[in-house]
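Here the structure is laid out as structure tokens; the discussion comes afterwards.
The values are calculated or read from the model by the stated rules, or taken from the named source; none is laboratory data. Note that the structure is predicted; figures quoted are calculated from it, not measured. Here the Cβ positions follow ideal geometry from the backbone for every residue, glycine too, while neighbour counts run over all protein chains shown. The protein model used for the area step is the full one, side chains on, heavy atoms only, and it has no ligands, DNA or RNA in it. Shrake-Rupley method; radii C 1.70, N 1.55, O 1.52, S 1.80 Å.
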Amino acid sequence: AIQDMMAVKRHFKKTDGVIAYHGFQSFATNEVDPDLAHEIGVELAKELWGQKYQVLITTHVDKDSHIHNHFVINTVSYRNGKKFHRTKIDYQCMRQSSDRLCQEYGLSIVEKPKGKGMHYAEWRALKEGKPTVRGYIREDIDTVICGSETITEFFDGLKQMGYVIDTSGKYDKIK
């Protein structure tokens with residue numbers, strides 16, 4: 001797939017910048033089998049990108065039976081060489097199309113999304129029991145909390161560990 005995508009980029013002399021975009025489509029546990037999930041993923045890809053961009057669609061099953069699709073979209077159109085620049089509106093369109101397709105197949109949809117999830121690399125590291133940056137930060141915060149009686153002591157303890165505290169906004173921030 002990467003060779004085919006790069007051939008399109010070379011043909012239109014657009015090999016720089018972002019090579020491809022990644023998207024995914026998840027389904028509720030035990031609601032679909034991999035074949036149905038892939039069928040829906042193919043329909044979604046055709047609807048959103050199929051007339052202009054190359055798309056690699058893979059259906060993935062985690063160990064805990066969580067079935068989902070991954071999409072890798074070439075940033076250069078095979079039809080006219082125009083570059084695809086993904087925006088927030090594209091995410092909304094993908095979600096709306098995915099929800100509509102799932103409803104057509106009698107599947108559930110997420111009514112109120114919880115917000116931004118964990119980055120895949122962090123999720124994978126946690127699943128494999130490997131340390132993460134956020135894990136180190138949590139450990140530092142837990143350590144400082146145990147030795148602090150006031151918020152000032154807490155912030156001072158974090159500063160001593162090298163963190164920068166920003167209390168200027170509505171919420172305190174730790175960098």
* Determine the alpha carbon to alpha carbon distance for each of LYS127/LYS170; LYS88/LYS170; LYS83/LYS130; LYS46/LYS88; LYS88/LYS130; LYS82/LYS175 and list only those over 29 Å. => LYS127/LYS170; LYS83/LYS130; LYS88/LYS130; LYS82/LYS175
* Structure fact -> So, relative contact order of the chain in percent, Cα under 8 Å, 6 or more apart, is 17
* Calculated from backbone phi, Karplus (6.51, -1.76, 1.60) coupling profile of region 143-149 in Hz, x at Gly/Pro -> 4, 5, 4, 4, x, 10, 10
* To do: In whole angstrom, note down how far apart the Cα centers of region 45-90 and region 1-43 are.
  => 4
* **Cβ-based charge dipole, the chain, positive-most Cα from ALA45, SER108, MET6** => MET6
* To do: For region 18-30, just list the computed ³J(HN,Hα) in residue order, Karplus coefficients 6.51, -1.76 and 1.60, θ = phi - 60°, integers in Hz, with x standing in for Gly and Pro.
  => 5, 7, 7, 10, 10, x, 8, 9, 10, 10, 5, 4, 6
* To do: Please give the solvent-accessible surface of THR29 in Å², to the nearest 10, using a probe radius of 1.4 Å with every protein chain present.
  => 80
* To do: Provide, for q = 0.15, 0.17, 0.19 Å⁻¹, the log10 of I(q)/I(0) from a solvent-free Debye sum over equal Cα point scatterers in the chain.
  => -0.96, -1.06, -1.19
* Note the full-extension length gain between THR15 and SER168 as 0.36 nm times their separation in residues minus their Cα-Cα distance, in nm to one decimal. => 50.8 nm
* In the Gaussian network model of the chain, springs joining C-alpha atoms below 10 Å, which of LYS14, LYS82, LYS130 carries the largest mean-square fluctuation? -> LYS130
* To do: List, in order, the whole-Hz ³J(HN,Hα) value for each residue of region 124-139 obtained from phi through the Karplus relation with A = 6.51, B = -1.76, C = 1.60 and θ = phi - 60°; use x for Gly and Pro.
  => 5, 4, 4, 4, 8, x, 8, x, 10, 4, 5, x, 4, 5, 4, 4
* **Interchain or long-range residues, amide H under 5 Å from GLU31's placed H** => none
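Quick one: ranking ILE174, ILE165, ILE151 by accessible area, 1.4 Å probe, largest first, what do you get? Show your work: numbers first, answer last.
Details: ILE174 70, ILE165 30, ILE151 100 Å².
Correct descending sequence by accessible area is ILE151, ILE174, ILE165.
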